[in-house]
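Below you'll find the structure, written out as structure tokens, and then a few comments.
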Amino acid sequence: MSTDNFIGELFNGRISQREFEKLVTAVKLSRNGAFLLALYSSEPFRTLLIEALREQVAPLPVYQFEITPEQPDVYRRVRQLLPDQRNKRGVVCVGELDAVWPESAEWLERNRDKLATYSLTYIFWITDGLRGELAQKAPNFYSRHSGVFDLRLQIAASPEQQALYDLYNALLPEYQQNPLRQAELLTRMGKVAVEARDYQRARPYLEQALSIREEKLGANHPDSQANRKLLQAIQMFID
């Protein structure tokens, strides 16, 4: 998916356009070591969001750091920037805090004031589950943030979609003696979830359908292959 296409998806309700615009505005207005928190759903979408952000805040430079066991200290990573990069306005995107948890939270708590001495805006990309833990593990760091921006995939099912889930669930027992028919219903349920962009909900339906088809038709049957491709296509949207 290109960055242009991705930005277009913001207007189609996949990710909140308003939240993205608020983040862009916050970055443009921030000064002197601002800390921003961005909630995201999956790593591929986080990457695309950062690329979209890079275009929207240009000419501000955007640096991207991933926390790793070898380099868990954000402050040390920032110190590796050239002096001109550290002391001029720019954006530092920090991801993978959970890769070295809770050590990464301890580093942030310890180095909060040091990070704030630079003319950089820091965006810490976190999952919703990590947000509460970050507030507990690094309360002084968390208290300094200037905003939380919800850029997660929107997955609410419409009443019509929920009605389809209920209908297909009611029909499944009727086809207990016809596994391929059950696989068809499961696939339909998975596709309804995909349309709602609820990829976590879609996956088990599609996995069950694939298991039935591979058992009854074989792994190389066209129906099995189509089922498998659909499963592979939604993986990029799942953590």
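Results, tabulated for the structure shown:
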{"item": "Among residues of the range 117-156, those that are assigned to a strand (DSSP E or B) and at pLDDT below 85, counted", "result": "0"}
{"item": "Hits in the range 18-41 (condition: touching a helix residue (DSSP H, G or I) at 6+ places or on another chain (Cβ under 8 Å), in a helix (DSSP H, G or I) and over 19 Å from R89 (Cβ atoms))", "result": "F20"}
{"item": "From E66, E96, E21, residue being without any contact (Cβ under 8 Å) to a residue 12 or more places away in the chain, in the same structural domain as R144 (by TED's automatic domain parsing) and of a type in the set (D, E)", "result": "E21"}
{"item": "Residue check, R152 closer than 25 Å to N227 by Cβ and within 20 Å of the chain's Cα centre (by Cα)", "result": "no"}
{"item": "Among the candidates P159, P222, P204, P173, residue that is of a type outside the set (D, E, K, R) and at pLDDT 90 or above", "result": "P222"}
{"item": "Unique match (being surrounded by fewer than 18 Cβ atoms within 10 Å (Cβ to Cβ) and under 24 Å from A135 (Cα atoms)) among N111, N87", "result": "N111"}
{"item": "Some residue of the range 200-207 being surrounded by 17 or more Cβ atoms within 10 Å (Cβ to Cβ), part of a loop (DSSP other than H, G, I, E, B), in contact with a Ser or Thr (Cβ under 8 Å, 6 or more places away or on another chain) and not assigned by TED's automatic domain parsing to the domain that holds S16", "result": "no"}
{"item": "Test: residue in the range 97-114 that is touching a Phe, Trp or Tyr at 6+ places or on another chain (Cβ under 8 Å) and assigned to a strand (DSSP E or B)", "result": "no"}
{"item": "Single unsatisfied condition, A219 versus (1) in contact with a helix residue (DSSP H, G or I) (Cβ under 9 Å, 6 or more places away or on another chain); (2) in a helix (DSSP H, G or I); (3) more than 28 Å from L49 (Cα to Cα)", "result": "(2)"}
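The values are calculated or read from the model by the stated rules, or taken from the named source; none is laboratory data. Since the model is a prediction, treat every value here as computed from it, not as a measurement. As a convention, Cβ positions derive from the backbone with ideal geometry for all residues, glycine included, and neighbour counts pool all protein chains shown.
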